[in-house]
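Heads up, the thing below is written out as structure tokens.
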Amino acid sequence: MTFPEGAMGKQNPATAGLAAPEAPVDDRLLVKWLEERPIQSQGQLAKAKLDDFLEKASQPRHASGNACIKLCYYIEQCRSSSCAPIRKVAFARDTPLCLFNFYVEWNEKNQNRSMRQVLELSSSLIARNPDQQTSEAVKKAVLERTLSIIAHQNAQSLVKPAFKVLECFLSKNTISPKEVLVAYEARVHRVSVSDQPSTGSAHEDLWDSFILDVFDWMVLPDISPGAGKFLVTLFKAMKPTAESSDGHQADYSTLWQRWIRKGLAKDPQAFENVKNYLFPPLFKIDRPGSLAFLESLNQQRAIPNLQSQDVDAHALLQLAAMDVGKKAGLVEEPSTVQFQKSSTKKSAACIVLQEEAIGSLMGSFSDTVRSLAFSVLVSSASSIRPFSPVTLDLFQSHLGVMYSDTDAKFRNETLTNSKHMIERIRGATAFLVRELDQVSFKLSQGSEPEHKVAQQALHEDIQTLLLKHKNFVLWYLHFLFAELIPTASYQRHTTSLKAIILLLQSRILEDSPGLPPIPANSTIWPFTVEFFIPRSMRLLLDLLLDPFEDVRIGASDVLAYAPRNCFVGQISKGVSNDHESRNLRVNECAETEPINLKLNLTDRPLRLLIDFIVRGKEASRRTGRADYADGVARSYKLLYGLQISREDKVKLLEELISDLEIKVEIAAKDLGQAVLEAPIHASFAALNLVWDLVSPSIDFPGEPSRAWEKWIDFTRRMVRSGSGIWEAVSGILCNDSPEGHLLDDIDESEALDSKDILSYSFRAIHESRTTVNDITAYNS
């Protein structure tokens, strides 16, 4: 950390000795004590204490404590002191520079509220300094260092605090945009700071060069928020200057529009950060200029022509500006019914969105363009504004392609926009129902004939628009169902499952377990849908055995919202999948009955899930596939969560642990038989998932002491099973070269080879270790 010469140097022993013996312990009384000292020693004592506070503050966070607050308090007290020598220390050139350097060096290492206080105090000391020459000298030093940091002449960790310094000083009017430009010209052309910047085109070139230097940092995600806030503050500070020079707003708006275009042309990677950190605040502080900006973008290239052009910075800029402008109320959708025109107070100056042109871009070759186009159509300044029929038709035309895209980042953006779409449809339908009730009430009260005709027409328009939204919700449900078919791709499966969760979390179901209560004064759906029908239950259960883990997790998460009565009935004999090794066609009369195949539970409302578990266990036994075993484990987790009585929960746990013990015993006697007839992966995995839901004091019947005794018994049996399976397979896994190795008591046959045994051993140890670790962590 660098300070001005003498600011942090060693104290003069004679000076230090003056303050040490009699200085008060309470820092709040320090300045009063200094004022009582002889006037010839007040300045030296005040400077010595300032150096001491700076030294204490310049320590790591764990050692400095609240030293920053004490430092600022001391300087503020000195500044308001009645003694001139003490005030002089506060307004000395070194004091604000020490605070500035301290902030730049330590802000990222000691981020807390007091650091902002240090910066604001430094700004105040400069602005309120009675000595104009000292103030100008400090500003020169501050600008020189901050501009050198921005110009890549210092460590990158200092760039963020440098932008914060400039933003604070500009917002507090401590420095002006003109002074920033003068300092930048002095740095670039090596001229005296007292010289004035060039005029005309040279003046504009200097600003262009400076803004482009700042735009270099807009690419980095950690620095771009600070750089964007500084640019917005700079543009805002330049607004009065531009207006006073020519007497109108156009020049100011043209400046920031040109700078953004040039900055994006130089650094296209900064596009996302410009959209997030520049456009929203700029559109708020300069509405006329923002409207002119949007109009100029449309004049340079109309939106319908973007589809036939190569994707460039202008195309992305145009869509991003439309997206942000729509959220800011600068871009309006076409009115669909009459009440929107009367109830919405729109400014005369706004841009009407070209919905069909934007919608055509949802089929663009560029992922970024498609995502932006979807966002533009979905976004709105009002969460209850209905969609137009044109927009809903566009969604139906393009969502299928967007949900099946191979790029994970694009799919996540699509899901984010889908969430906004669902929320807006919920708000819009609730709003339309309220409007419909109001119009119906007015019609029932009777009115003049000419007003009655208008009210009837309005009633029909609202009914038609509400029906369009309801039909879209039904289409969306059928679309999501279709994405779950076994032959669909992984992308369609995982995106649809996540979208279904978003839809269910919007509380479109009348009753669903696992959802928190509806917050007060929140928008609710005016209608409900029946989602967990036999078709959807079949599709979701199939996906519990999908090869991809996140698909299995997604299907399990969706089924967790299914009410208990949705698991009534029996599953069909075949659990279909898309390739031969996953065809779960199980004969009801198998020649060899698997180990503990049939569940003892006979709860009819859960017959569907129990039947699925039985068939899944048989398929896992026949194939030995890990995805089948994991699917069975997740089915057991659902089954445990659906149990009502404590006795049934304990009964299910007892059955799982007993099944595990039987399989461990078989593995200890004959590992080859265990591999062929008693795969253990699903048992350990099921206990691992179910154990997270178990709460002995709630789930176990009887007195608390009896419940904990049962809990301890289950724990011991599971740990004993983990140890037993290790003893059974350790000879395989601990062999120096396990590939191709078989134990002496295992005969290699056509149905069994070393690969099967090695796979069984690794899976068993992996799951048993996870289960035992979870038990240990819970008990500890």
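What follows draws every value from the coordinates through simple rules; no lab data is involved. Computed from a predicted model, the values in this text were never measured in an experiment. All Cβ positions, glycine included, derive from the backbone under ideal geometry; neighbour counts span all protein chains shown.
When Thr134, Thr487 are arranged by Cβ crowding within 10 Å, least crowded first, meaning fewest neighbours, the order is Thr487, Thr134.
For the stretch 249-295, pairs of C-alpha atoms spaced more than 15 angstrom apart make up 42 percent of the total. By the count of other C-beta atoms within 10 Å, a proxy for reagent exposure, Leu660, Leu515, Leu676 are ordered fewest to most as Leu515, Leu676, Leu660. Beyond 30 Å in Cα-Cα separation lie the following of the pairs Lys266/Lys326; Lys468/Lys498; Lys327/Lys442; Lys637/Lys663; Lys49/Lys109: Lys327/Lys442. Over the stretch 382-531, all Cα pairs binned in 10 Å intervals from 0 give whole-percent P(r) values of 10, 35, 31, 16, 7, 2, 0, listed from short to long.
Give the Kirkwood hydrodynamic radius (Å, one decimal) of the stretch 427-509, defined as one over the mean of 1/r across all pairs of different Cα atoms. About 15.3 Å, per the Kirkwood formula over Cα pairs.
Taking Lys and Arg as +1 and Asp and Glu as -1, the other residues whose beta-carbon sits under 11 Å from that of His152 total -2. Could you tell me whether the stretch 385-432 comes out rounded, prolate or oblate from its Cα gyration tensor? Rule is a ≥ b ≥ c as square roots of the eigenvalues, rounded for a/c under 1.5, then prolate if a/b exceeds b/c, otherwise oblate. Taking the square roots of the gyration eigenvalues as a ≥ b ≥ c, the stretch 385-432 is oblate. Rounded to the nearest 20 debye, the dipole magnitude of the stretch 382-531 is 340 debye, with +1 charges on Lys and Arg beta carbons, -1 on Asp and Glu beta carbons, and the Cα centre as origin. Pairs exceeding 30 Å between alpha-carbon atoms, taken from Lys32/Lys56; Lys164/Lys419; Lys178/Lys284; Lys409/Lys617: Lys164/Lys419; Lys409/Lys617.
When peptides 664-674, 467-477 are ranked by their average number of other Cβ atoms within 10 Å per residue, the highest-first order is 664-674, 467-477.
Here Phe293, Phe365 are placed in order of increasing Cβ neighbour count within 10 Å, fewest first, which gives Phe365, Phe293.
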